[in-house]
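The values are calculated or read from the model by the stated rules, or taken from the named source; none is laboratory data. These figures come from a predicted structure and were not determined experimentally. Neighbour counts run over all protein chains shown; Cβ positions are idealised from the backbone, glycine included. The protein model used for the area step is the full one, side chains on, heavy atoms only, and it has no ligands, DNA or RNA in it. Shrake-Rupley method; radii C 1.70, N 1.55, O 1.52, S 1.80 Å.
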Amino acid sequence: MDKKNKDLEISDSRMVKSHDVKLDAEYAEWIAEVKHRYRSAQVKAAIKVNGEKLLFNWQLGRDLVQKKAEEHWGAGVVEQVSLDLRRAFPNEDGFSTRNLRYMKQWYLFYTTEAARLQRPVAEIMHQAGAEMEKGKLHQVGAELSEEKIHQVGEEFPLPFALVPWRHHVEIITKSKSIDEALFYVGKTIEQGLSRVALINCFKAHLYEHQGKIINNFSTYLPEPQSHLVQEVLKENYDFGFAAVDHEPFEERELEEALTSDVTNLLLEMGTGFAFMGRQKEIIVGGRSRKIDLLFYHVRLRCYIACEIKVKPFEPEFTGKLNYYVSAVDELLKAPDDNPTIGLLICSDMDKTDVQWSFRGITTPMGVATYNNIRIKDMLPTQEQLKERMELLQKELRATKRLMKKASE
């Protein structure tokens, strides 16, 4: 290489520094668009892969049912199919005998009820009120091949493609009805639930509690706002993450316990809640009053004034909450916000008491209960936990020795 070319090579080699790039608003807008396109491509790829695999699982479950495989080829046919598929695709997961039985159970769970009602599964899902994101469903329809959709027709509901396989297994094995299953399918799609979060929803009996809060929403809120609020608020809140020093405890102590772990508080309240503060002060006529907890709900686009009571419901509680809801409407609510909602959470209540107390009140509110508050004194210390673990290990070792002797 001659000196001229060598000098040219050196002059073309340089370290790019931040001052060598002119970053302006146009660049920022363009790079944001590029990032959005790539994330969109990632989502499309994930949906396509998940959708195709789920469609395969559905069809294999259907084949096992419609071909009456065990009756036709014998009781061990599922094990044989598992063996054949694992031989053909040694690097693929999901072909265990247990998983194949789940595929059959998945197909039967939905289609048996659909056949009884003589309606497509997709129609039953829609009428069960499962919350589906239309944009995502359209995307699924675009990503799944037209040929395969035609093969299964309306039998395979497109929303299923937005839910991971292990989620489907949890749903069909834990749900007592098709309505409950479709409720959790909808929640998984709507909130992007992880498998652990889904299992926690089952443990909290979300289906039983959601939408059953005693309220006057249908009277003072327009549809669909009224329906949405009832789905967002629960009949009962599990405050198992909160611990107080002793029992009985005061409202102040419970509030402190709840707000010391805002992350878990918001998780229990549900998706869309934003915490605006505790003991939110309002001053009217020179007098100071304080709202126990104030939230803003993103989807509902409204404030939620929440009062916590450590004793059973009393009719006068609704009057106080009514005042706070009116105050928030006057002092905080923006013109484009929806009406503020009142949420009263008590230790217990009588439904008739609550319903009668709503008479004459024109602000939207609901009354719920809570449970599972922990008492710190009842929790074992770290030393106690260590002692219990050591004792358990000793017991396990002793059991192993006895079992070994018995087998000799």
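Solvent-accessible area of the range 209-248 (1.4 angstrom probe, protein heavy atoms only): carbon and sulfur portion equals 51 percent.
Extension gain, R87-Q105: 0.36 nm per intervening residue step, less the Cα-Cα distance, totals 4.1 nm.
For the range 354-361, the Karplus equation 6.51 cos²θ - 1.76 cosθ + 1.60, evaluated at θ = phi - 60°, returns couplings of 5, 4, 5, 5, 6, 5, x, 8 Hz by residue, with Gly and Pro reported as x.
Peptides 88-101, 213-226 ranked from most to least packed give 213-226, 88-101, packing being the mean of other C-beta atoms within 10 angstrom over each peptide's residues. Would you mind pulling out the separation of the Cα centroids of the range 310-340 and the range 163-212, in Å? Using only Cα atoms, the two centres lie 32 Å from each other. Rolling a 1.4 Å probe over the protein heavy atoms gives the range 266-408 an accessible area of 61 Å² per residue.
With every protein chain left in place, what is the accessible area per residue of the range 219-261 in square angstrom, probe 1.4 Å?
Accessible area per residue: 47 Å².
Take the residue pairs K187/K376; K280/K320; K280/K376 and return only those whose Cα atoms are more than 23 Å apart. From the list (K187/K376; K280/K320; K280/K376), the Cα-Cα distance tops 23 Å for K187/K376; K280/K376.
Rounded to the nearest whole Hz, the Karplus-based 3J(HN,Hα) values (6.51 cos²θ - 1.76 cosθ + 1.60, θ = phi - 60°) of the range 244-255 follow the sequence 10, 6, 7, 10, x, 10, 8, 4, 4, 5, 5, 4, with x at glycine and proline. Heavy-atom surface analysis with a 1.4 Å probe gives the range 29-89 a carbon and sulfur content of 58 percent of its accessible area. When its C-alpha radius of gyration is set against 2.2 N^0.38 Å (N residues), the range 252-329 gives a value of 1.12.
On a per residue basis, the range 49-122 carries 59 Å² of accessible surface, using protein heavy atoms and a 1.4 Å probe.
Pairs K44/K104; K53/K104; K174/K394; K290/K333: which exceed 24 Å Cα-Cα? Present the calculation step by step, with values, prior to reporting the outcome.
Values: K44/K104 27 Å; K53/K104 15 Å; K174/K394 36 Å; K290/K333 17 Å.
Violating the 24 Å Cα-Cα cut-off are K44/K104; K174/K394.
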